[in-house]
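The values are calculated or read from the model by the stated rules, or taken from the named source; none is laboratory data. Note that the structure is predicted; figures quoted are calculated from it, not measured. Glycine gets a Cβ as well: all are built from the backbone with ideal geometry, and neighbour counts include every protein chain shown. The protein model used for the area step is the full one, side chains on, heavy atoms only, and it has no ligands, DNA or RNA in it. Shrake-Rupley method; radii C 1.70, N 1.55, O 1.52, S 1.80 Å.
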Amino acid sequence: MKLPRVHCEKCDRPIAAGPVAGRLSKGRLWRHDPPNMRELHPGELVSCAGSLAIVDLPVGQMELVSDDDLERASEPDDEQPGLF
């Protein structure tokens, strides 16, 4: 499944939003760092205040993967040598 991108209200960056169980129109932003935070606080993990916020998902942007797509992806290519 490809997750839609939603702008974080705190840092205004496009962040992936995963679906919330039982709420089809809502999603939860993935954890992300604020801009330039790694340079300001090297060695520390600092999340944006908008991380994990529940947001409205854009309609029609979730791309579901069918079983046929999964089967095709798991089939080995004859052209590429295997690792074993």
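When residues in segment 1-21 are screened for being over 12 Å from Ile54 (Cβ atoms) and open to solvent by 40 Å² or more (accessible area, probe 1.4 Å), 9 of them pass.
Considering segment 22-33, and only residues there that are closer than 15 Å to Gly50 by Cβ and out of contact with any strand residue (DSSP E or B) (no Cβ under 8 Å at 6 or more places or on another chain), the residue that is most open to solvent (accessible area, probe 1.4 Å) turns out to be Arg31.
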